[in-house]
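Asker: Quick one: structure below, then a few questions.
The values are calculated or read from the model by the stated rules, or taken from the named source; none is laboratory data. Keep in mind it's a predicted model, so treat the numbers as computed, not measured. With ideal geometry, Cβ positions are generated from the backbone for all residues, glycine too; neighbour counts draw on all protein chains shown. When the accessible area is computed, the model is the full protein with side chains, heavy atoms only, and any ligands, DNA or RNA have been set aside. Shrake-Rupley method; radii C 1.70, N 1.55, O 1.52, S 1.80 Å.
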Amino acid sequence: MPTPVHLSNLGPPGREHLRLLPPPSLADDARHRKLTLPPARVQRAARAVAEALFHADDKPADPARLDWLAADLLDFMARATGRAQLILRASLWALTWLAPLFVFTPLPLGWLPVGKRVLALERMELSPLGPAALAVKAMLCMIWFEHPDTQRETRTETSCLREP
Amino acid sequence: MAGSLQSASRLDGELKLDCDVVVVGSGAGGAVIATTLAEAGYDVVVLEEGPHVPYTGELRPTESVRHTWRDGAVTLAIGLGDSPSINVTAGRCLGGSSTLTGGVCFRIPEHVLDGWVHAGLSELTPEKMAPWFDQVEQDVHVEEVPVDMRSRGTQLFGEGYAKLGAELKPMRRNTRGCNGCGRCNFGCAHKAKLSVDIAYLPRAVAAGARLYTGCLVGKVEFAGTRATGVSGRILDFDSQRPARAFSVRAKRVVLAAGAMFNPLILWKSGLDFPVLGRHLSLHPSFRVIGRFDTPVRGWEGAMQSAYGDRYERDEGMLFNSVFVPNGVLAATMPGFGNNHAKLCEQIDHLGIFGGMLHDDATGRVRRGFGREPIMTYRSSPRDRGRIPVLLRRMADIWFAAGAKEIFLPVFGAPAQTPDSMKHFPLEQVHGRKLECSSQHPLGTCQMGVDPQRSVVDDHGRVWGTQGLYVGCGSVMPSSLGVNPQLAIMTMALRTATLMAAEGK
Ligand SMILES: Cc1cc2nc3c(=O)[nH]c(=O)nc-3n(C[C@H](O)[C@H](O)[C@H](O)COP(=O)(O)OP(=O)(O)OC[C@H]3O[C@@H](n4cnc5c(N)ncnc54)[C@H](O)[C@@H]3O)c2cc1C
Ligand code: SF4
């Protein structure tokens, strides 16, 4: 009996016998780049926003998941090329220093109690500066919802319509 | 002799190559040109800035973004005046943006081709283009998405659309063995999506092409007006910053770096044209989200399975089924803390659909600082006026489908009920507050018949030069109004075949 060929191993349509491009060697694998991470204060600033963003039912979010989130955001910044890091850091700077002004408190966001942080960020989101908040909010949400615990809690575990 | 795929960043010593044809960029256009010419017996070198990431489908979506999307997906075309700023996404990896698509394949609509013929491009008639389309559709295995692969979100939108008297049509996509995991934009773990790194580049390598990743092309080299090759910098593997120089001597050069980057390369090469970098078309796209009482789980299904073209021809509006990661849905929910969490509890109850404008191509790519361009976009009055019309239509469709609330792409705007929607001042919302995205930068090196109004002739040859061609989305003579990958591949196949016919 012929060995069943998995569709994902087939070559291009009409040339199914051709080999697909070989995967990169370990040394060429983009996952193994040596990174220069942004400074720790960027991670602290991201965590301060995340604590407010994911503060649900008047309860703080799971600290371990917040740590993972802030660290993964830094990894994202270090890997993404072009202007990504610049834009995310500018957005984070705006949230850290400008959002508190919306609650008349000229202190860095992380120094505010979480309730006040939420108010400050919501007011900023509704202001003309709202779009400045979006880059960081989007990235934090995307990463947060990739965590298996978030997916379980929100019933959003990945699943296909058909079995492979 | 079989060719090769190598990361230039890891090569020792100088990189100096000789070949018949050097192709800059390995995306939808570049891959087709490289394959066609390699199979016609040409010695082809392909230079790609990004890495080879064939496992992208196995990564988390944000991991996929950090490895294969340009600029971490935060690139903006800055809205001028009352125009929205537009988040423009593109690929930066072997296979280019083709690896990020939802697989949607449209032929160029006849009325668009008729317009091009009217503008003097007499070879681009629907009849003459048909065989090129047939060939590419066969090469990338374009098939209709069966109705049972539609996600529940798409089914619901379809029900609403039907109640308003129209019917969704099945999408055609370049897939083989799709399981409906709804994550095509982040790579397909099943290799069911036949992007050019699967459908074309293995053919190119089998025919002898040499592919190099990690090569950032800076400029085209000339002897007089004849292109003699390209030069640039190899990217440092770890920092991805330009490092060592490289050069490739070639009898012919094809620029296929996409609509955002080709103008930069041409400017750096000392060329300029009155319209270079202008007429950037983006197909501005908007998502409207419907919330239902029962679970929707919109990610289960082919990511883009159906479309509605009732308003395409006359009003330039196309509805496309889409899905975005749940985290992106969460990000579009207004608020922080408790308010945000309450809305996020409903994520599995949300359906999402996209609306796209056939725009007037009023954007512009400009030289920026460093290696990235600056893009600006000033909507024409016609385009700007159509945005609220499009959004109201999509809201009506969701309500007709039974949505309890909808979320508009307006920053910070609360959910709207059918009643509140009637009073929502959508027409007065400033462009700055609109959330708009584009995956289709096109047309900054337009094809045409007049060097004053175009950059390349109808063979893709850059005016006033010899041996220099453009073969990617940047040559589109106008906005298309439909997703462009099939159009780009088809125009590229045509250009490459005409190049091959010119002989070595
Ligand atoms: C998220 C997403 C979803 C999409 N979905 C669809 C869809 O479903 N259907 C559809 O029809 N279209 C879709 N598109 C659009 C489609 O993918 C693009 O229009 C098409 O791939 C563009 O082809 P191109 O050859 O012009 O450019 P690209 O495919 O972008 O290729 C250009 C390549 O050139 C490289 N490059 C740039 N500058 C340099 C340089 N200086 N040196 C070396 N290399 C360089 C880039 O890294 C890139 O790999 C989607 C796009 C995105 C981003
Ligand atoms: S929907 Fe189909 S083509 Fe898209 S990622 Fe899933 S299996 Fe692949």
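Asker: Which residue pairs have Cβ atoms closer than 6 Å, lie 6 or more positions apart in sequence or on different chains, and pair a first residue in the range A:150-162 that is within 7 Å of chain B (Cβ to nearest Cβ) with a second residue that is in a helix (DSSP H, G or I)?
Answerer: Note: pairs meeting the criteria are A:Thr154/B:Ile347; A:Arg155/B:Asp348; A:Thr156/B:Asn326; A:Thr156/B:Ile347; A:Thr156/B:Asp348.
Table: residues versus (1) open to solvent by 60 Å² or more (accessible area, probe 1.4 Å); (2) hydrophobic (A, V, I, L, M, F, W, C); (3) within 16 Å of ligand 1 (Cβ to nearest atom); (4) over 18 Å from the mean Cα position of the chain (by Cα).
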position	(1), (2), (3), (4)
B:Glu63	no, no, yes, yes
B:Asp71	no, no, yes, no
B:Leu80	no, yes, no, yes
B:Ala90	no, yes, yes, no
B:Leu94	no, yes, yes, no
B:Gly103	no, no, yes, no
B:Pro109	no, no, yes, no
B:Trp116	no, yes, no, yes
B:Val136	no, yes, yes, no
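Asker: Does B:Ala501 count as of a type outside the set (Lys, Arg), out of contact with any strand residue (DSSP E or B) (no Cβ under 9 Å at 6 or more places or on another chain) and farther than 30 Å from B:Gly335 by Cβ?
Answerer: Working: of a type outside the set (Lys, Arg): yes; out of contact with any strand residue (DSSP E or B) (no Cβ under 9 Å at 6 or more places or on another chain): yes; farther than 30 Å from B:Gly335 by Cβ: yes.
Yes, satisfied.
Asker: For the range B:118-224, which strands (runs of 3 or more DSSP E) that fit wholly inside it have 2 or more residues that are away from ligand 2 (no atom under 16 Å from the Cβ)? It would help to see each step written out before you state the result.
Answerer: Values: elements: B:142-144, B:172-174, B:210-213, B:215-223.
In the range B:118-224, the matching strands (runs of 3 or more DSSP E) lie at B:210-213, B:215-223.
Asker: Oh, and also: Considering the range A:90-108 alone, what residues qualify as being closer than 23 Å to B:Val65 by Cα and away from chain B (no Cβ under 11 Å)?
Answerer: A:Leu92, A:Trp93
Asker: Which number in (1) surrounded by 24 or more Cβ atoms within 10 Å (Cβ to Cβ); (2) within 14 Å of chain A (Cβ to nearest Cβ); (3) assigned to a helix (DSSP H, G or I) marks the one condition that B:Pro84 misses?
Answerer: (3)
Asker: Still on this model: Out of the residues in the range B:138-149 that are within 16 Å of ligand 1 (Cβ to nearest atom) and acidic (Asp, Glu), which is surrounded by the fewest Cβ atoms within 10 Å (Cβ to Cβ)?
Answerer: Just the residues of the range B:138-149 that are within 16 Å of ligand 1 (Cβ to nearest atom), to begin with: B:139-145, B:149.
Narrowing further to those that are acidic (Asp, Glu): B:139, B:143-144.
Values: B:Asp139: 23, B:Glu143: 18, B:Glu144: 12.
Checked the range B:138-149; the qualifying residue surrounded by the fewest Cβ atoms within 10 Å (Cβ to Cβ) is B:Glu144.
Asker: Continuing with this model, one more query. Given the criteria in contact (Cβ under 8 Å) with a residue 24 or more places away in the chain, in the same structural domain as B:Val324 (by TED's automatic domain parsing) and either under 24 Å from B:Met489 (Cα atoms) or surrounded by fewer than 24 Cβ atoms within 10 Å (Cβ to Cβ) (or both), does B:Leu255 qualify?
Answerer: Numbers: in contact (Cβ under 8 Å) with a residue 24 or more places away in the chain: yes; in the same structural domain as B:Val324 (by TED's automatic domain parsing): no; either under 24 Å from B:Met489 (Cα atoms) or surrounded by fewer than 24 Cβ atoms within 10 Å (Cβ to Cβ) (or both): yes.
So B:Leu255 does not fit the description; no.
Asker: Would the range B:394-413 turn up any residue that is in contact with a strand residue (DSSP E or B) (Cβ under 7 Å, 6 or more places away or on another chain), free of Cβ contacts under 8 Å to residues at least 40 places away in the same chain and either within 14 Å of chain A (Cβ to nearest Cβ) or within 25 Å of B:Trp299 (Cβ to Cβ) (or both)?
Answerer: Among the residues of the range B:394-413, at least one is in contact with a strand residue (DSSP E or B) (Cβ under 7 Å, 6 or more places away or on another chain), free of Cβ contacts under 8 Å to residues at least 40 places away in the same chain and either within 14 Å of chain A (Cβ to nearest Cβ) or within 25 Å of B:Trp299 (Cβ to Cβ) (or both), which makes the answer yes.
Asker: For the range A:116-146, give me each residue that is more than 8 Å from chain B (Cβ to nearest Cβ), within 16 Å of A:His55 (Cα to Cα) and open to solvent by 20 Å² or more (accessible area, probe 1.4 Å).
Answerer: Those that are more than 8 Å from chain B (Cβ to nearest Cβ), within 16 Å of A:His55 (Cα to Cα) and open to solvent by 20 Å² or more (accessible area, probe 1.4 Å): A:Lys116, A:Leu119.
Asker: If a residue counts only when it is closer than 28 Å to B:Met491 by Cα and within 13 Å of chain A (Cβ to nearest Cβ), which strands (runs of 3 or more DSSP E) contained entirely in the range B:1-62 have at least 2 such residues?
Answerer: On the way: elements: B:4-7, B:15-24, B:44-47.
Filter on the range B:1-62 gives B:4-7.
Asker: Go through the range B:150-174 and count every residue that is surrounded by fewer than 23 Cβ atoms within 10 Å (Cβ to Cβ) and within 16 Å of ligand 1 (Cβ to nearest atom).
Answerer: Within the range B:150-174, residues that are surrounded by fewer than 23 Cβ atoms within 10 Å (Cβ to Cβ) and within 16 Å of ligand 1 (Cβ to nearest atom) number 3.
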